[in-house]
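Single-structure report; data block below.
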Amino acid sequence: KILPGLKIGDVWTDWKKMFKNCSFENFKKEVVGEKILNVRRVGKNILIGLSSSKTILVHQKMTGHFLYGNWELKNGKWLSKNNDPIRNDPQNRFIHLIFDLSNKKQLALSDLRKFAKVLLWPTDKLSELEDINNLGPDPTAEDFDFKKFQERFTPLTAGQASKKGKIKTVLMDQSVFAGIGNIYSDEILWLSGIHPMKPVSSLTQEELKLIFTSTKKILKKALEARGTSDSDYRDPSGKKGKYQ
């Protein structure tokens, strides 16, 4: 709702290591002046499509979150110009990447642990990118039904090594399902009444159905509550999610 239609006027960073497939200097050269066409999510990756037929991929990792507002540099620290949650919440102060936008606003990445990664990739070749093509299906997709869910367990229970796999580990495996992390795998299994350490190979059809139904319910609830801020997650306005 925020970015499409805006142009990138400038880019700043103090952590060049987050740029993984090109230097920060090349990244900046490629994206400045480009119009943002769309923003979407694939698994845990945020994809920002540009008018140059290139896409910025951002994985926020454990502590990263995008913020939208206006900042000024004071004593080497970026401070929000407004008296708002971005300024008043200490979890929003770890600014390591800023995009200046054509509407005089800024998009900033706050990342306490500096694990976030940024890539620039041709839009028509995204399917060749390992970060995308290694992902399983997204459980929040409308066409994700029990048949598709069940199919994801077939190769896992077929091989000897995967027979040792525990259900929580499997739910969090991005090559099996895209997007489920530590918090929601716990919530899904709690609602299902299934122990996280239970081996996948021992799950019954009824238990798989329970996990599938719980997955749909929990992720829907989490989205409606705008995420979980038990730790450091904040939305673009700097506000906490209410799922916890």
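Values as computed for the structure displayed
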| item | result |
| --- | --- |
| First in segment 64-84 and free of Cβ contacts under 8 Å to residues at least 40 places away in the same chain and under 21 Å from Y233 (Cβ atoms), second anywhere and open to solvent by less than 90 Å² (accessible area, probe 1.4 Å) and not in a strand (DSSP E or B), Cβ under 7 Å, 6 or more apart | N82/N70 |
| All positions within segment 222-238 that are surrounded by fewer than 19 Cβ atoms within 10 Å (Cβ to Cβ) and closer than 15 Å to N88 by Cα | D235, P236, S237 |
| Among the candidates F27, F19, residue that is touching a helix residue (DSSP H, G or I) at 6+ places or on another chain (Cβ under 6 Å) and surrounded by 13 or more Cβ atoms within 10 Å (Cβ to Cβ) | F19 |
| Residue, least open to solvent (accessible area, probe 1.4 Å), within segment 60-82, restricted to residues that are basic (K, R) and over 30 Å from A178 (Cβ atoms) | K74 |
| Some residue of segment 83-96 being part of a strand (DSSP E or B), surrounded by fewer than 18 Cβ atoms within 10 Å (Cβ to Cβ) and among the acidic types (D, E) | no |
| Condition check for K61: out of contact with any Cys (no Cβ under 6 Å at 6 or more places or on another chain), without any contact (Cβ under 8 Å) to a residue 24 or more places away in the chain and among the charged types (D, E, K, R) | no |
| Restricting segment 98-124 to residues that are among the β-branched types (V, I, T) and within 20 Å of L37 (Cβ to Cβ), the residue that is least open to solvent (accessible area, probe 1.4 Å) | V118 |
| Residue selected from segment 201-221 under the condition more than 29 Å from Q60 (Cα to Cα) and not small (G, A, S), by the criterion most open to solvent (accessible area, probe 1.4 Å) | E206 |
| Residues of segment 30-59 classified as open to solvent by 50 Å² or more (accessible area, probe 1.4 Å), in a loop (DSSP other than H, G, I, E, B) and either among the basic types (K, R) or under 22 Å from D138 (Cβ atoms) (or both), total | 1 |
| Selected residue (criterion: modelled with the lowest pLDDT) from residues of segment 135-167 that are over 15 Å from R41 (Cα atoms), in a loop (DSSP other than H, G, I, E, B) and open to solvent by 80 Å² or more (accessible area, probe 1.4 Å) | Q160 |
| All positions within segment 174-187 that are crowded, with 17+ Cβ neighbours inside 10 Å and outside any helix (DSSP H, G or I) | V176, F177, A178, G179, I180 |
| Unique match (being under 17 Å from the mean Cα position of the chain (by Cα), more than 27 Å from L171 (Cα to Cα) and not small (G, A, S)) among N38, N21, N26 | N38 |
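The values are calculated or read from the model by the stated rules, or taken from the named source; none is laboratory data. This structure is a prediction, so every number in the text was calculated from the model and none was measured. Neighbour counts are summed over all protein chains in view; Cβ atoms, including those assigned to glycine, are modelled from backbone coordinates with ideal geometry. For accessibility, only protein heavy atoms count, side chains too; no ligands or nucleic acids. Shrake-Rupley method; radii C 1.70, N 1.55, O 1.52, S 1.80 Å.
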